[in-house]
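The values are calculated or read from the model by the stated rules, or taken from the named source; none is laboratory data. All figures in this text were calculated on a predicted structure; none of them were measured in a lab. Cβ placement follows ideal geometry from the backbone for every residue including glycine, while neighbour counts extend to all protein chains displayed. Remember, those area values only see protein heavy atoms, side chains included, never the ligands or the DNA or RNA. Shrake-Rupley method; radii C 1.70, N 1.55, O 1.52, S 1.80 Å.
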Amino acid sequence: ECLALIRNERYNFTSSVIRSPCCPSSSEHVIDAYKSSTDALFRENEDFIDLIARAHRQENGIDSYASAPPSCWDGRRSYETTSVGLGLNSFGALEHDNIDHYMSHGSAAIERWNQCCSYFRSCDEESACFDRSNGSVFLCCELAGGLDNHLILPALREPSVTIRLIFEHASEVGEVSETIKIEQEGSLRMFDVSGVLWPAGYLLGLCLSNPISCGVPEVIDAVNDGLHGGQRQPLAVELGAGVGFSSIAFAKAVQYYEKEMIKHHDFPLVMATDISKSSLALITSNAHRNGVGNLVVAVGANHTDSKSLSLLSGGGDKIGDGFSIILGSSLQALFDGTSRQGAALWQSLDALLSKKNPNAVVILSHVRAGDERIKIPSASESLFECVRRVSGDHFEMKTRDGNSSDFELVILRRRRRPML
């Protein structure tokens, strides 16, 4: 609340003097207060996740947005993508003919977003944030497939990012979209990598919200098997969920594709795991703020620890047969040395992925080139096979210099033996 007041009353518009409406002198006091209060919350309350969930229910009454954040998505239908996005040809360095167009495009997009959309933007510069070709349309600050706003990720300072999800049903004409707001720790806990949204996680969430268009129909098949088969346990698990965006996008998609089934759903659909307590708090809060608090459950787990994984996948009869869907993005500890059958990734997937569901699928998001790319062991050794790879180009996630995307989705399943 203090941060919001600082943003709303940050400037005296007659003299441009910075105010401090609720904190003694500077944002440093806000950061210190946040750290001390959250540390106390985690230390003194073993059930802090339930405490956060109850607070959201008391505030909202139900798990839904009281009012959706404003959207600029409709403008995308009327204007060119580059006009509604942030890489305007008339902006900044793009006006200079002697500068490489694509490099300038990426730099201009980031600079314009910081100027017009950042939580810390200068209020007296907002007059420059209108589309010069139109004169009245405010630039789109949402992150969405087809726009270049993804270039600002990771937005390390920002307390939140707004993302447009697209839902498209095979049996219906057209598409439906929804804006969600993902809070992150940003400046409040700098250098905590799990407390902000990263490009690979963003790509994974975009795909999960629209698996048909993304080319991953296996998600729909796995959900159908679980819901219509009477499965009473989470269908999916996300490893290293961070701020929870991918899990929330998945839950939102199920809400859309399975409207009738989900009305009577009384247990979580997706288990969002992380080892960081602050991430578990963010996941819980973001899920409730975006109307899926009953479908996403945050669970403390270390995806590199075999004992922790055994509890998730059924050790002690906690979960059962494993999960129909496994999600993960840029999990460095798991994605190293994947060309070896004994690599940590394959051991983790074998422990977690259902052996009974023939449609069980793994969707991972990571870099698409170099030594870090996820590689599959030879067919004679591997327990898993690659179904396909989907480039970030599918969502126009080009690099800052205009090249093909640095990221890709890797869809895996248990290796199927050939029919005799």
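Which pairs do you get when a residue that is assigned to a helix (DSSP H, G or I), found in region 34-56, comes within reach of a residue that is polar (S, T, N, Q) and open to solvent by 50 Å² or more (accessible area, probe 1.4 Å), reach meaning Cβ atoms under 6 angstrom, with the pair 6+ apart or on two chains?
Nothing qualifies.
Taking the condition of being modelled with pLDDT of 75 or more, within 30 Å of Ile110 (Cβ to Cβ) and in contact with a strand residue (DSSP E or B) (Cβ under 7 Å, 6 or more places away or on another chain), how many residues in region 28-83 meet it?
The number of residues fulfilling the criteria is 0.
Restricting attention to region 182-212, which residues are over 22 Å from Ser160 (Cα atoms) and at pLDDT 90 or above?
Those that are over 22 Å from Ser160 (Cα atoms) and at pLDDT 90 or above: Asn210, Pro211.
Every residue, every condition in (1) buried (at least 18 other Cβ atoms within 10 Å of the Cβ); (2) modelled with pLDDT of 85 or more; (3) assigned to a helix (DSSP H, G or I), yes or no:
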| site | (1), (2), (3) |
| --- | --- |
| Gly146 | no, yes, no |
| His150 | yes, yes, yes |
| Glu158 | yes, yes, no |
| Leu165 | yes, yes, no |
| His169 | no, no, no |
| Glu172 | no, no, no |
| Ile180 | yes, yes, no |
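Kindly evaluate Ala369 against the criterion of being aliphatic (A, V, I, L, M), under 25 Å from Leu203 (Cβ atoms), modelled with pLDDT under 90 and open to solvent by 40 Å² or more (accessible area, probe 1.4 Å).
Against the criterion (aliphatic (A, V, I, L, M), under 25 Å from Leu203 (Cβ atoms), modelled with pLDDT under 90 and open to solvent by 40 Å² or more (accessible area, probe 1.4 Å)), Ala369 qualifies.
Please enumerate the residues belonging to region 274-329 that are touching a Pro at 6+ places or on another chain (Cβ under 8 Å), under 21 Å from Ile363 (Cα atoms) and either of a type in the set (S, T, N, Q) or at pLDDT 80 or above (or both).
Leu295, Val296, Val297, Phe323
State whether the residues of region 180-192 include one that is among the aliphatic types (A, V, I, L, M), more than 27 Å from Ser276 (Cα to Cα) and touching a residue at least 24 places away in the same chain (Cβ under 8 Å).
Checking region 180-192: not a single residue is among the aliphatic types (A, V, I, L, M), more than 27 Å from Ser276 (Cα to Cα) and touching a residue at least 24 places away in the same chain (Cβ under 8 Å).
Do we find that Ser330 is small (Gly, Ala, Ser), under 20 Å from the mean Cα position of the chain (by Cα), within 24 Å of Asp393 (Cα to Cα) and surrounded by fewer than 23 Cβ atoms within 10 Å (Cβ to Cβ) in this structure?
Here the answer is yes, as Ser330 does meet what is asked.
Please work out which one of (1) under 18 Å from the mean Cα position of the chain (by Cα); (2) part of a helix (DSSP H, G or I); (3) hydrophobic (A, V, I, L, M, F, W, C); (4) within 15 Å of Ile326 (Cα to Cα) is the condition Ile220 fails and give its number.
Going through (1) under 18 Å from the mean Cα position of the chain (by Cα); (2) part of a helix (DSSP H, G or I); (3) hydrophobic (A, V, I, L, M, F, W, C); (4) within 15 Å of Ile326 (Cα to Cα) one by one, Ile220 breaks only (1).
State yes or no: is Asp305 of a type in the set (D, E, K, R), within 15 Å of Gln233 (Cα to Cα) and surrounded by fewer than 24 Cβ atoms within 10 Å (Cβ to Cβ)?
Here the answer is no, as Asp305 does not meet what is asked.
Can you pull out every residue in region 243-262 that is over 11 Å from Asn294 (Cβ atoms) and out of contact with any strand residue (DSSP E or B) (no Cβ under 9 Å at 6 or more places or on another chain)?
Glu258, Lys259, Glu260, Met261
Filtering region 200-232 down to residues that are open to solvent by 20 Å² or more (accessible area, probe 1.4 Å) and in contact with a Phe, Trp or Tyr (Cβ under 7 Å, 6 or more places away or on another chain), which residue is nearest to Glu158 (Cα to Cα)?
My answer is Ile220.
I'd like to check something: does region 345-363 contain any residue that is surrounded by 15 or more Cβ atoms within 10 Å (Cβ to Cβ) and touching a Cys at 6+ places or on another chain (Cβ under 8 Å)?
Yes, there is a match, as at least one residue in region 345-363 is surrounded by 15 or more Cβ atoms within 10 Å (Cβ to Cβ) and touching a Cys at 6+ places or on another chain (Cβ under 8 Å).
What is the one condition in (1) over 17 Å from Ile283 (Cα atoms); (2) open to solvent by 10 Å² or more (accessible area, probe 1.4 Å) that Ser194 does not satisfy?
For Ser194, the failing item is (1).
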